[in-house]
Amino acid sequence: MTQNQPMPGFRHVDHVSITVPDLDAAVDFYCTVFGAKVAYRMGPFDAGEMPAMEDGRDWTEAHVDVPAAKLSICMLKLASNLMIELFQYDKPNDQKRTPPRNCDYGGHHLAFRVDNIEDAVSYLEKHGCTALAGPIVMDEGPTKGARARYLIDPWGNYMELMEYEHQAFMDETGIRPYDGA
């Protein structure tokens, strides 16, 4: 058996990114609800106003795989271990208006560890989130000791709340989630 070699120079996850329909509203949501801090804002960048690349493609097609785009970006520090980048695309006009479901290719969710799921759900519902059924209680297997609950943010993106002090996989693998150290 060969040992997996990490990507050369890999240090850590820098950020995750989601696209939202209203950048100002999403920045306000994450800053108000989670206490995020704005690191920077950029844009709008309009491919129609930028020089073409050497191969003839426009800048946004070459760099983000979206031809003829107009986009704005805001980077937030969401927690001590996570930056989140919010994108708003004003063009093209044919973009899908609903996020992928969890089962769809490209489906995703952000997961947040909380002290008390019920308190967190109540708070998030007051800020426009929709809670799904739950909590999910893990009382066996590698996640024994955890509870989870999914919600949908105001723009249709999934998030998960995780509540635990200890999970079984920690003893079995020695792997610990981020603990602030």
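The values are calculated or read from the model by the stated rules, or taken from the named source; none is laboratory data. Nothing here was measured: the structure is a model prediction, and the numbers come from that model. Cβ placement follows ideal geometry from the backbone for every residue including glycine, while neighbour counts extend to all protein chains displayed. The accessibility values were calculated without ligands, DNA or RNA, using every heavy atom of the protein model including side chains. Shrake-Rupley method; radii C 1.70, N 1.55, O 1.52, S 1.80 Å.
Details
- Counted by Cβ distance under 11 Å from PHE29, the other residues give a net charge of -4, where Lys and Arg count +1 and Asp and Glu count -1.
- Count of lysine pairs in the chain with Cα separation under 24 Å (8 or more residues apart, or interchain): 5
- Estimated D of the stretch 49-181 in µm² per second, where Rh is the Kirkwood radius over Cα pairs and Stokes-Einstein applies at 10 °C, 1.306 mPa s: 89 µm²/s
- Counting only Cβ charges, +1 for Lys and Arg and -1 for Asp and Glu, the dipole size of the stretch 101-181 around its Cα centre is about 240 debye.
- Largest to smallest in accessible area, the residues SER72, SER17 fall in the order SER17, SER72 (1.4 Å probe, all protein chains included).
- Accessible heavy-atom area order of TRP155, TRP59, highest first, probe of 1.4 Å: TRP59, TRP155
- For the stretch 1-119: relative contact order, % (alpha-carbon pairs under 8 angstrom, 6 or more apart): 26 percent
- Assuming charge only on the beta carbon of Lys and Arg (+1) and of Asp and Glu (-1), the dipole of the stretch 1-144 about its Cα centre is about 280 debye to the nearest 20.
- Charging the Cβ of each Asp and Glu at -1 and of each Lys and Arg at +1, and nothing else, the dipole of the stretch 1-60 about its Cα centre rounds to 440 debye.
- The trypsin sites (Lys or Arg not before Pro) found in the stretch 99-133 that occupy coil by DSSP, while having at most 13 further C-beta atoms within 10 Å, are ARG101.
- Dipole-positive endmost among ILE175, LEU151, PRO135 within the stretch 124-178 (Cβ charges, Cα centre): LEU151
- Ranking by accessible area, most exposed first, for TYR30, TYR123, TYR158 with a 1.4 Å probe: TYR123, TYR158, TYR30
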